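One structure below.
The values are calculated or read from the model by the stated rules, or taken from the named source; none is laboratory data. Because the structure is predicted, anything quoted here is derived from the model rather than measured. Neighbour counts are summed over all protein chains in view; Cβ atoms, including those assigned to glycine, are modelled from backbone coordinates with ideal geometry.
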Amino acid sequence: MERREFLKAIGAAGGLAALGCQHRASASDAAPAGASAMGSAAGSPATETQSRVAWDELLALLAEADARYLGPQWGIERPADVADGHRFLMHVLHSGIEQWLEADPLRPRAVRFVTPTLKLLGDNPDAVYYTAPVDPTRRYRVRGNTGGAVYTSLTIEGGNAEGHYPKRVAGALNDSQFDVAADGSFEIVVGPGESGRNRLALEPDAGTLTTRHYFENRVPAAADPNVRVVIALEPLDPTPPPPTPDDASIAAGLRRVANYFRANTLDMPPRDRSQQPSWVSSIPNQFEKPAKWQSQEGGFGAVDNAYAMAPYVVMPDQALVIEGRWPKARFANVVLWNRFMQSYDYAHRRVSLNRVQTVTEPDGSFRIVIAHRDPGVPNWIDAEGRVSGLVFWRFQLPEEDVVTPRASVVPFSDVRA
């Protein structure tokens, strides 16, 4: 029998219950008296469960985010921004489901949480990221391979158990602080009280482990199927098989997803210019001096990075010309984001540049052009027809003072080859 015919037969026989798939059935699991298997006469669900309550809470949260987060309170009023916002909300929900619905700190699974079709938290076309939940009382062995990355790090986020937004960076190691074999492989023991080389301590508020793998290749690493990064967490404490999912555990998973969704939307206050880091400019097409990340900037920090960011405004008949010089550093790049800190389409367009991709002048300086169509000159970054967005710079482990990029808007005809 074909699968399609098999499913039809199940439906005709009364659904999955006909297969005896129910577990731990008891008298309390029966539908309330007078309720049919398909719901009440009014069309409401027949059985009230913890999972249904959590499901309804999640649906209400999605509706609240649509009404408030994508509204005037957060400065969202243009139709294009609302549409971008709905895409962003779906990416957050997707990420929350992938990371938190089945999260199990006793048996953690490393999840790649940003991809060419899953973007949030200021993603990077030249990086691969993994995350996994951890229990601060347990010990793990992290096995991985750098995969040719120019930089690899492990970061512990604190205060974010159960999907909440991290309150701080609770520990970090980069590849100069652990041993990497000739084939790129490494092992790190993570747990409470761990110290020394190839060790990373878990503080009492530890909630997740994030790995960062930065590349400077011709093709953006995040979109390159040939880039292989391996990360696995092995519990070092005795761990039995997980219990069978039940009403309570499924409801808990739904609430973790809701926590994550709320943390990345409604719990993010509208931008207050007076509270921005020094490296964030509020003036279009003008950059502030790049500066290292500081602990007060939040719990998803990359502790080895210096940043600069500014909004851009470029009309269809204009170009934004940016001049500067890449510093001596482990890694550096520039990328375009929308207002929700999602990168543009790096899988099909040139929307970012790293140092390998950049054509420099004889003196080492660069001239980057942001425009809506190809001007026929080196270092064009495609604005995708978006007249406004964000320009974001990363400078990793800089060994010298980072020169502030200088930008000017010019007629497109002035830069066209």
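Listed values, structure above:
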{"item": "Top-ranked residue in the stretch 378-400 [being assigned to a loop (DSSP other than H, G, I, E, B) and in contact with a strand residue (DSSP E or B) (Cβ under 6 Å, 6 or more places away or on another chain); ranked as surrounded by the most Cβ atoms within 10 Å (Cβ to Cβ)]", "result": "Ala383"}
{"item": "Test: residue in the stretch 194-208 that is under 18 Å from the mean Cα position of the chain (by Cα), assigned to a strand (DSSP E or B), under 26 Å from Ile97 (Cα atoms) and not assigned by TED's automatic domain parsing to the domain that holds Phe300", "result": "yes"}
{"item": "Test: residue in the stretch 154-161 that is assigned to a loop (DSSP other than H, G, I, E, B) and surrounded by fewer than 19 Cβ atoms within 10 Å (Cβ to Cβ)", "result": "yes"}
{"item": "Condition met for Thr265 (free of Cβ contacts under 8 Å to residues at least 60 places away in the same chain and either small (Gly, Ala, Ser) or buried (at least 16 other Cβ atoms within 10 Å of the Cβ) (or both))", "result": "no"}
{"item": "Residue within the stretch 100-109 that is free of Cβ contacts under 8 Å to residues at least 60 places away in the same chain, assigned to a helix (DSSP H, G or I) and not small (Gly, Ala, Ser) present", "result": "no"}
{"item": "Residue count, the stretch 283-332 (criterion: at pLDDT 95 or above, among the polar types (S, T, N, Q) and in a loop (DSSP other than H, G, I, E, B))", "result": "2"}
{"item": "The lone exception for Arg386 - which of (1) without any contact (Cβ under 8 Å) to a residue 40 or more places away in the chain; (2) of a type in the set (Lys, Arg); (3) farther than 16 Å from Ala127 by Cα it fails", "result": "(1)"}
{"item": "Search result, residues across the stretch 82-114 that are surrounded by 17 or more Cβ atoms within 10 Å (Cβ to Cβ) and either farther than 25 Å from Gly253 by Cβ or among the hydroxyl-bearing types (Ser, Thr, Tyr) (or both)", "result": "Asp84, Gly85, Ser95"}
{"item": "Yes/no for Ala371 being small (Gly, Ala, Ser), surrounded by 15 or more Cβ atoms within 10 Å (Cβ to Cβ) and without any contact (Cβ under 8 Å) to a residue 60 or more places away in the chain", "result": "yes"}
